[in-house]
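Accompanying notes for the structure given below.
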2 protein chains.
Amino acid sequence: MNIGQAAEASGVSAKMIRYYEQIGLIEPPARSHSGYRVYAEPNVHTLRFVRRARSLGFSVEETGSLLALWRDRSRASADVKTLALKHVAELEEKAAALQAMAATLRHLASHCHGDERPDCPILDKIGSSS
Amino acid sequence: MNIGQAAEASGVSAKMIRYYEQIGLIEPPARSHSGYRVYAEPNVHTLRFVRRARSLGFSVEETGSLLALWRDRSRASADVKTLALKHVAELEEKAAALQAMAATLRHLASHCHGDERPDCPILDKIGSSS
DNA sequence: CTTGACCTTCCCATGATGGGAAGGTGTAGC
DNA sequence: GCTACACCTTCCCATCATGGGAAGGTCAAG
């Protein structure tokens, strides 16, 4: 399987597959006589794992840790759970920060007439409050 | 006022003040005979505006639009409100995405023993589900 | 043997921020 | 006046994850 097919099969773009290989997240695959990367099913499986970890918001570095745990059959599930819950806390923190911004701005907007008059508490507040 | 004092007074780092000037977000300030940037109160006011807009999650580019509206005394408040509410929607969308990730992962973690045994539904799921 | 779809590596760009080097300036104390 | 120190200047580099694109090699179908 060439990189294009591996990309198709895993949902990771060819560009990113090369990048993940370059930074050492995944193992370099076999090469054909002409230098093409050749992927087999286990490689694609790993790529899918990476894609899903990324879609759960893990950074590439964290994904590397998860991959190591995934491959280590003797790891304790507590290690995985700890990592996961720490990540959950970070995600929730970021979500809360965004929501706080949204709430503040929504509140400001609710006091804005939104017509052709220039008075606007949104800009007034951004320009003057602490 | 030199850039250090302007940074202190506005809450925007000296590094970022220079950057904002470089990309055209703010006007280049006066310069002293020796080339130092010299800021006056209106400049600091603008910098504070920028800091607050950024802290509400507006990108630098969006902040530029807000600044233009702020300075345009004849703009309609509807223009500002439209921009603000669009931004609120984006913020809420991002927050929801993060929360969805957190919820998924928390759910997976809730099924993980978290002890010294290796079985872990978190990794199993990341490694096998669609 | 040509054509087109694929592959390779290499470089560049994004967005917002910080770090740090090399060198000039301004001021306080002696 | 000289020295020390804090500040300023510009310039380059790094981050994180991703995409774009160029220049050139490869492969399979027609």
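Condition check ((1) assigned to a helix (DSSP H, G or I); (2) at pLDDT 95 or above) across all residues:
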{"site": "B:Ala6", "(1), (2)": "yes, yes"}
{"site": "B:Ile17", "(1), (2)": "yes, yes"}
{"site": "B:Pro28", "(1), (2)": "no, yes"}
{"site": "B:Phe49", "(1), (2)": "yes, yes"}
{"site": "B:Gly64", "(1), (2)": "yes, yes"}
{"site": "B:Ala68", "(1), (2)": "yes, yes"}
{"site": "B:Asp115", "(1), (2)": "no, no"}
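In the stretch B:31-40, what residues are exposed (fewer than 11 other Cβ atoms within 10 Å of the Cβ) and more than 8 Å from DNA strand C (Cβ to nearest atom)?
Result: B:Arg31, single match.
Tell me which residues, restricted to the stretch A:109-126, are more than 7 Å from chain B (Cβ to nearest Cβ) and of a type outside the set (S, T, N, Q).
Residues satisfying the conditions are A:His111, A:Pro121, A:Asp124, A:Lys125.
More than 26 Å from B:Ala102 (Cβ to Cβ) and either in contact with an Asp or Glu (Cβ under 8 Å, 6 or more places away or on another chain) or among the basic types (Lys, Arg) (or both): which single residue out of A:Arg106, A:Arg48, A:Arg18, A:Arg52 fits that description?
A:Arg18 is the lone residue from the list that is more than 26 Å from B:Ala102 (Cβ to Cβ) and either in contact with an Asp or Glu (Cβ under 8 Å, 6 or more places away or on another chain) or among the basic types (Lys, Arg) (or both).
With the checklist (1) more than 10 Å from DNA strand D (Cβ to nearest atom); (2) exposed (fewer than 14 other Cβ atoms within 10 Å of the Cβ); (3) among the charged types (D, E, K, R) in hand, flag the one item A:Lys15 doesn't pass.
Among (1) more than 10 Å from DNA strand D (Cβ to nearest atom); (2) exposed (fewer than 14 other Cβ atoms within 10 Å of the Cβ); (3) among the charged types (D, E, K, R), A:Lys15 violates only (1).
Taking into account only those residues within the stretch A:41-68 that are surrounded by fewer than 17 Cβ atoms within 10 Å (Cβ to Cβ) and within 14 Å of DNA strand C (Cβ to nearest atom), which is nearest to B:Ala95 (Cα to Cα)?
A:Ser59
Of everything in the stretch A:81-94 that's within 18 Å of the chain's Cα centre (by Cα) and buried (at least 20 other Cβ atoms within 10 Å of the Cβ), which residue is farthest from B:Ala97 (Cα to Cα)? Outline the logic, then answer.
Initial filter on the stretch A:81-94 (within 18 Å of the chain's Cα centre (by Cα)): A:83-94.
Now drop any that are not buried (at least 20 other Cβ atoms within 10 Å of the Cβ), which leaves A:84, A:87-88, A:91.
Numbers: A:Ala84: 17, A:His87: 14, A:Val88: 13, A:Leu91: 10 Å.
Top of the filtered list is A:Ala84.
What are the residues in the stretch B:52-95 that are in contact with a Leu (Cβ under 9 Å, 6 or more places away or on another chain), at the interface with chain A (Cβ under 8 Å from one of its Cβ atoms), of a type in the set (Gly, Ala, Ser) and over 12 Å from A:Ile122 (Cβ atoms), if any?
The answer is B:Gly57, B:Ala95.
Residue-by-condition table, conditions (1) without any contact (Cβ under 8 Å) to a residue 12 or more places away in the chain; (2) within 30 Å of B:Leu56 (Cα to Cα):
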residue	(1), (2)
A:Lys15	yes, no
A:Arg18	no, no
A:Tyr36	no, no
A:Phe49	no, no
A:Val60	no, yes
A:Ser65	no, no
A:Arg73	yes, no
A:Asp79	yes, no
A:Lys86	yes, yes
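The values are calculated or read from the model by the stated rules, or taken from the named source; none is laboratory data. Predicted, not measured: the structure shown is a model, and the values here were computed from it. With ideal geometry, Cβ positions are generated from the backbone for all residues, glycine too; neighbour counts draw on all protein chains shown.
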